[in-house]
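I have placed the structure first, in the form of structure tokens, so that the comments after it can refer back to it.
Each reported figure results from applying straightforward, stated rules to the coordinates on display, with no laboratory input. Worth saying up front: this structure is predicted, and the values here are computed from it rather than measured. Note that each Cβ is placed from the backbone with ideal geometry, even for glycine, and that neighbours are counted across all protein chains shown.
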Amino acid sequence: MNSRYDGSTKLHEAFKQQFLIGAAVNPMTMISQRELLAYHFNSITAENEMKFERLHPAENQYTFDEADRLMGFAKANDMAVRGHTLVWHNQTSDWVFKNRSGGIIDRETLLARMKAHIDTVVTRYKGDIYAWDVVNEAVSDNGGELLRSSKWLDIIGDDFIAKAFEFAHAADPEALLFYNDYNESVPEKREKIYTLVKSLKDKDVPIHGIGLQAHWSLEHPNLDDIRQAIERYASLGMKLHITEMDVSVFRHEDRRTDLKAPTEEMLARQAERYQLFFQLFKEYSECITSVTFWGGADDYTWLDHFPVRGRKNWPFIFDTEQLPKQSFWNVMDVAQS
Ligand code: HAH
């Protein structure tokens, strides 16, 4: 047993009465974080490998190799898989919206392409992917506008969202289908997400849950706004998944690039925040059934160099050596309290 993961309590076991504990993975971290992932997590999501552009780069070409490897990793380690994501305005191949001469296609053609994509992908992983982010980030961050402008919206119209859910449900009637978004706890956007999901529900669209991305930071959002978001979404009878959690050590406006490591103050505040978040998740574990981090440990995060080039971030509960931070111990305390 010369492993670092040698019998101490596993995070996912500590929360087995409440929710799954997930991590987003990619082909690199499935190797570099293999032991950590296998030990502490019982659910994974593809950070990028199941996005439209990766799976379906040309109309008659599907590329499933990396996604299949991820499914194999999950199976070998007895993990659940959340699918991410079927319909999104980003990381979607350009061909989808164009005809052979480069012009924009019509509604019926785009719906047929959407259906073909969803059918093929959802059917391939039927029975193995238990939940899908069917539509990602369709709600606008801007003022009065409900839906963000996108090619899906422009070409198909408002019902592109309902259609995506219907196609996914037809392909796998057992899969849990989610609407997933960020800034989910900001009151104005929360109300828009609520309005969208309510309208889907009122039309009997097969939607089962809301994904709260939870890209949070040391001060934002405040706990009360998160609580209100959970309550508001749960009031629609939706299951809730925390889908992409990370806690940036920088404020949104902070642009500094000089830090080589997080300060003690940042780590202490982060640990405090993680404790409060997990207390809240535990309190609402009737409706929250999965908590996924958007990575495994601080050695790799999409927040390195985003949104500030040349700046590293340390948003997780395991450090750059993949060892527990104070945040991890605080989360464990919540599980055992
Ligand atoms: C998420 N968007 C996406 O859902 C996920 O697929 C991606 O890997 C990372 C984050 C969050 C986001 C963004 O990409 C850009 C601006 C705001 C928020």
> So which trypsin sites (Lys or Arg not before Pro) in segment 211-257 pass both tests, a DSSP loop state and at most 14 other Cβ atoms within 10 Å of the Cβ?
Replying inline: 251, 255, 256
> Which three extents, in whole angstrom, do the alpha-carbon atoms of segment 192-337 cover along their principal axes, largest first?
Replying inline: 51, 37, 24
>> Over the Cα atoms of segment 162-257, what radius of gyration and what Dmax do you get, in Å?
In response: 15.0, 49
>> For a quick size check, give me the Cα extents of segment 204-270 along its three principal axes, largest first, whole Å.
In response: 52, 21, 19
> HN-Hα J couplings of segment 283-291 from phi, Karplus 6.51/-1.76/1.60, θ = phi - 60°, integer Hz, Gly and Pro as x?
Replying inline: 4, 9, 6, 4, 9, 8, 10, 7, 10
> Based on the Cβ-Cβ distance of residue 228 and residue 10, what FRET efficiency does E = 1/(1 + (r/R0)^6) give at R0 = 41 Å, to the nearest 0.05?
Replying inline: 0.80
> Within straight cross-link reach of residue 75, meaning Cα distance under 30 Å, which lysines are found once same-chain residues fewer than 8 apart are removed?
Replying inline: 10, 16, 51, 115, 126, 239, 282, 325
>> Compute the angle between helix 223-234 and the longest alpha-carbon principal axis of the chain, please, reported from 0 to 90 degrees and rounded to the nearest 10.
In response: 40
>> Just to be sure I understand: with springs between alpha-carbon atoms less than 10 Å apart, which residue in 184, 49, 264 has the highest mean-square fluctuation in the Gaussian network model of the chain?
In response: 264
> Rule-of-thumb check for the chain: C-alpha Rg over 2.2 N^0.38 Å?
Replying inline: 0.98
> When the Kirkwood hydrodynamic radius is evaluated over all pairs of different C-alpha atoms of segment 1-153, what value in angstrom, to one decimal, is obtained?
Replying inline: 17.4
>> For segment 1-59, compute the orientation-averaged projected area of the C-alpha convex hull (one quarter of its surface), in nm².
In response: 5.2
>> Can you say what percent of the DSSP beta bridges in segment 1-142, counting only those with both residues inside, are antiparallel? Round to 5.
In response: 15
> Based on the Cβ-Cβ distance of residue 142 and residue 99, what FRET efficiency does E = 1/(1 + (r/R0)^6) give at R0 = 35 Å, to the nearest 0.05?
Replying inline: 0.70
> Working out 0.36 nm times the residue gap between residue 195 and residue 306, then minus their Cα-Cα distance, what length gain in nm do you get to one decimal?
Replying inline: 36.9 nm
> Nearest 10 degrees, 0 to 90: what angle lies between the long axis of helix 187-202 and the longest principal axis of the chain (Cα atoms)?
Replying inline: 50
>> Testing the spin-label approximation: label points 7 Å from Cα along Cα→Cβ at residue 112 and residue 188. State their distance in nm.
In response: 4.1
> So how much slack lies between residue 60 and residue 76, counting 0.36 nm per residue of separation and subtracting their Cα-Cα distance, in nm?
Replying inline: 2.7 nm
> If R0 is 45 Å, what FRET efficiency do you get for residue 257 and residue 333 from their C-beta distance, rounded to 0.05?
Replying inline: 0.85
> Which stretch or stretches of segment 215-253 have amide N atoms under 15 Å from the point lying 7 Å from residue 320's Cα along the Cα→Cβ direction?
Replying inline: 249
>> Please list 3J(HN,Hα) in residue order for segment 302-308, calculated via the Karplus relation 6.51 cos²θ - 1.76 cosθ + 1.60 where θ = phi - 60°; whole Hz, with x for glycine and proline.
In response: 4, 7, 5, 6, 9, x, 10
